[in-house]
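Notes follow the structure.
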Amino acid sequence: MRHFYVIATFWFYSILLGTSVTGEYYTSTERMRQLIKLEESLTNHLSRYIENYANDSRALQRQRDELGRQLKEASAHDLLYVSHPVTAFLLINRLLTDWQKIGAYIGLDVRQYAFENIQMPTADDVSGVMEALVRLQHLYQIVPNKCSRDIGIDLPFDQALGALECYQIADHLMADGFNSQSIRWFQEALHLWSMDYAGLTKIDVINELVKALSNEKRYTEALKLTDEVLQEQPDNPVALSNRILLENATASELLSDNEGRTTGTPEYSEYEMLCRADIERPASVLKTLYCFYEHSRNPFLRIAPLKVEQISHDPFMMVYHEIISDREITNVLEAARPRLNRALVFEANKYSVTHYRTSTNAWLDVEMFYTHLKPIVKRIEDMTGLTKRSYDQLQIGNYGVGGHYSTHYDYDRPAEGQEAFPTLGKGNRIATVMYYLSDVDVGGATVFPDIGVGVFPRKGSAIFWYNLYRNGTSDPRTLHAACPVMLGSKWVANQWIHERGQEFKHPCALDPML
């Protein structure tokens with residue numbers, strides 16, 4: 001049953017993210033930071049236009065000053081600004097809406113605008129950030145009114161979603177069929193409403209909320225709101241039509257209530273609770289785990305032992321602390337940044353973009369091109385005792401706004417008679433080492449739902465585990481996920497270790513548990 005809840009949760013996420021996404025800024029905080037430079041260039045362009053052609057335009061100057069204020073906040077705290085889902089949404093939405101209008105007024109085609117090869121974001125970037133915002137709200141149990149203000153976290157800037165932005169999110173969710181999620185955002189739009197926006201009134205929002213409630217068979221609530229609309233606008237055609245339908249539906253809803261509708265706190269999966277650190281491991285398990293210095297694996301470790309923390313005996317998992325220095329991390333990130341691309345997932349013998357992995361990554365061939373990073377890979381041999389001859393290239397990952405990677409296995413599950421990872425020719429992934437290259441302000445844990453283990457990122461540490469039993473068969477208990485990043489920039493480096501070449505380092509056993 002526990003495993004069922006994990007799969008069900010990610011079925012929800014896979015559907016939620018099932019729309020076509022071509023915009024890529026939201027998948028990486030590193031790329032999101034580029035948009036601040038782009039807006040700075042646009043603001044400078046607007047200032048030159050005002051100076052040369054519109055010195056007497058008070059309205060344009062006020063708009064320039066307001067955009068400049070927002071840009072100042074973004075530049076002063078760029079990493080926090082672009083990783084926070086609210087401000088990230090406002091930044092992208094501003095570039096696509098406010099600047100479109102300004103561009104039309106001053107004769108600038110902002111859709112084609114670029115600065116230092118930084119292109120304008122797309123509507124898909126807005127969708128991506130919206131979905132990240134909803135993902136965080138759902139998983140971390142944040143009500144929309146908190147999410148729309150500051151997600152419950154004190155920040156050095158004052159930004160918030162307004163009624164129109166909340167309406168946009170709600171409308172997006174309802175269009176994708178997520179009526180129950182959209183209801184809360186429509187309600188927040190009504191709560192924040194203080195004026196009618198051009199082309200969209202408060203009555204429009206209520207009518208859309210009625211539609212979402214009706215889709216969820218909450219007819220009594222929908223009818224009450226419809227009556228409120230008709231009190232204000234007795235001839236509103238949408239409300240009049242809704243009332244006829246709702247009067248008939250209300251009776252059936254009352255019957256359903258009498259039959260015993262259940263309400264209350266929803267059940268959450270182990271995955272979600274681990275992401276929130278809501279699960280405490282039993283004392284009977286914790287007392288068997290301990291920390292120690294590893295110094296016996298090879299002679300070098302006698303003078304430079306490794307700091308090791310056991311987190312699971314079965315399956316075998318360790319966390320190595322202070323295993324990579326700040327200088328080494330800087331070298332890795334400098335090498336990776338120019339090579340970042342949308343992260344792919346290996347499925348059905350091919351790599352493809354998916355919507356349950358929202359991040360960017362770069363592959364570094366340490367042996368051939370990035371030889372200055374060799375000590376990092378050599379250290380993995382010291383940590384694991386597994387030869388680097390069967391290592392994959394080093395993969396560097398950066399997660400975006402609400403970036404996550406749904407539950408998955410690192411090993412391949414090929415069809416009968418097929419080879420695992422055939423293009424590499426090194427066999428299946430016997431083990432995984434993941435370096436944490438940054439701290440994360442909130443969220444971003446690596447969790448193993450089937451064994452109740454969660455590890456939160458700590459810069460300079462690394463986690464190691466085996467993906468296969470000793471007889472070479474896959475260990476399904478290594479199902480794991482990267483929890484959504486609520487705030488901050490998450491950088492990791494993955495070193496996948498394959499089977500071939502490990503015959504004498506990690507001998508096979510007939511008994512998988514040996």
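The values are calculated or read from the model by the stated rules, or taken from the named source; none is laboratory data. Since we're looking at a predicted model, the values are computed, not measured. With ideal geometry, Cβ positions are generated from the backbone for all residues, glycine too; neighbour counts draw on all protein chains shown. Heavy atoms of the whole protein, side chains included, go into the accessibility calculation; ligands, DNA and RNA do not. Shrake-Rupley method; radii C 1.70, N 1.55, O 1.52, S 1.80 Å.
Residues that are acidic (Asp, Glu) and in a helix (DSSP H, G or I) were ranked within segment 150-184; the one that is modelled with the highest pLDDT is Asp171. Among the residues of segment 399-415, those that are of a type outside the set (A, V, I, L, M) and either farther than 26 Å from Gln310 by Cα or in a loop (DSSP other than H, G, I, E, B) (or both) comprise Tyr399, Gly400, Gly402, Gly403, His404, Tyr409, Asp410, Tyr411, Asp412, Arg413, Pro414.
For segment 403-413, does any single residue satisfy the condition of being under 28 Å from Lys374 (Cα atoms) and touching a Gly at 6+ places or on another chain (Cβ under 7 Å)?
Of the residues in segment 403-413, the ones under 28 Å from Lys374 (Cα atoms) are 405, 409-412.
Going one step further and asking which of them are touching a Gly at 6+ places or on another chain (Cβ under 7 Å), we end up with none.
No, every residue in segment 403-413 fails to be under 28 Å from Lys374 (Cα atoms) and touching a Gly at 6+ places or on another chain (Cβ under 7 Å).
So for segment 340-361 (the condition being more than 20 Å from Ser406 (Cα to Cα), of a type in the set (Phe, Trp, Tyr) and touching a residue at least 12 places away in the same chain (Cβ under 8 Å)), does at least one residue qualify? Taking every residue of segment 340-361 in turn, none turns out to be more than 20 Å from Ser406 (Cα to Cα), of a type in the set (Phe, Trp, Tyr) and touching a residue at least 12 places away in the same chain (Cβ under 8 Å).
For segment 451-464, does any single residue satisfy the condition of being among the aromatic types (Phe, Trp, Tyr), over 19 Å from the mean Cα position of the chain (by Cα) and open to solvent by less than 10 Å² (accessible area, probe 1.4 Å)? Walk me through how you get there before you give the answer.
Step one: filter segment 451-464 for residues among the aromatic types (Phe, Trp, Tyr), giving 456, 464.
Retained after the next criterion (residues that are over 19 Å from the mean Cα position of the chain (by Cα)): 464.
Add one more test, that the residue is open to solvent by less than 10 Å² (accessible area, probe 1.4 Å), and what stays is 464.
There is at least one residue in segment 451-464 that is among the aromatic types (Phe, Trp, Tyr), over 19 Å from the mean Cα position of the chain (by Cα) and open to solvent by less than 10 Å² (accessible area, probe 1.4 Å).
For first residues located in segment 138-162 and under 15 Å from Arg276 (Cα atoms), partners that are modelled with pLDDT of 75 or more and in a loop (DSSP other than H, G, I, E, B) and lie 6+ apart or on another chain with Cβ distances below 7 Å form the pairs Leu139/Pro484; Tyr140/Arg276; Ile151/Ile142; Gly152/Ile142. Output the residue which, of all residues in segment 33-63 that are loosely packed, with under 15 Cβ neighbours inside 10 Å and acidic (Asp, Glu), is nearest to Pro85 (Cα to Cα). Ranking the qualifying residues of segment 33-63, first place goes to Glu51.
Test Leu46 against the stated conditions and say whether it is in contact (Cβ under 8 Å) with a residue 24 or more places away in the chain, touching a strand residue (DSSP E or B) at 6+ places or on another chain (Cβ under 7 Å) and not β-branched (Val, Ile, Thr).
On the way: in contact (Cβ under 8 Å) with a residue 24 or more places away in the chain: yes; touching a strand residue (DSSP E or B) at 6+ places or on another chain (Cβ under 7 Å): no; not β-branched (Val, Ile, Thr): yes.
No: the conditions fail for Leu46.
The single condition from (1) of a type outside the set (Phe, Trp, Tyr); (2) part of a helix (DSSP H, G or I); (3) open to solvent by 30 Å² or more (accessible area, probe 1.4 Å) that Ile380 fails is (3).
If you go through segment 90-105, how many residues are buried (at least 17 other Cβ atoms within 10 Å of the Cβ), within 19 Å of Arg48 (Cα to Cα) and of a type outside the set (Gly, Ala, Ser)? Here the count works out to 4.
Is segment 3-25 home to any residue that is modelled with pLDDT of 90 or more, under 22 Å from Ser406 (Cα atoms) and either touching a Leu at 6+ places or on another chain (Cβ under 9 Å) or assigned to a loop (DSSP other than H, G, I, E, B) (or both)?
Within segment 3-25, one or more residues are modelled with pLDDT of 90 or more, under 22 Å from Ser406 (Cα atoms) and either touching a Leu at 6+ places or on another chain (Cβ under 9 Å) or assigned to a loop (DSSP other than H, G, I, E, B) (or both).
Filter segment 416-463 for residues that are assigned to a loop (DSSP other than H, G, I, E, B) and of a type in the set (Phe, Trp, Tyr); which is farthest from Cys275 (Cα to Cα)? Applying the filter and picking the extreme gives Phe421. The single residue among Glu66, Glu30, Glu116, Glu24 that is surrounded by fewer than 17 Cβ atoms within 10 Å (Cβ to Cβ) and under 23 Å from Leu333 (Cβ atoms) turns out to be Glu116. The residue pairs whose first member lies in segment 429-445 and is within 22 Å of Gly402 (Cβ to Cβ) and in contact (Cβ under 8 Å) with a residue 24 or more places away in the chain, whose second member is surrounded by fewer than 21 Cβ atoms within 10 Å (Cβ to Cβ) and among the aromatic types (Phe, Trp, Tyr), and whose beta carbons are closer than 7 Å, counting only pairs six or more residues apart or on different chains, are Ala445/Phe456.
Looking across segment 320-345, the residues that are within 23 Å of the chain's Cα centre (by Cα), surrounded by 19 or more Cβ atoms within 10 Å (Cβ to Cβ) and not in a loop (DSSP other than H, G, I, E, B) come down to Ile329, Val332, Ala336. Being in contact with a Lys or Arg (Cβ under 7 Å, 6 or more places away or on another chain) and within 25 Å of Gly402 (Cβ to Cβ) holds for only one residue in Glu73, Glu30, Glu39, and it is Glu30. Evaluated against (1) crowded, with 17+ Cβ neighbours inside 10 Å; (2) out of contact with any helix residue (DSSP H, G or I) (no Cβ under 8 Å at 6 or more places or on another chain), Asp410 falls short on exactly one condition, (2).
Residue pairs whose Cβ atoms lie under 7 Å apart, separated by 6 or more positions or on different chains, with the first residue in segment 185-199 and at pLDDT below 85 and the second of a type in the set (Val, Ile, Thr) and open to solvent by 80 Å² or more (accessible area, probe 1.4 Å), do not occur.
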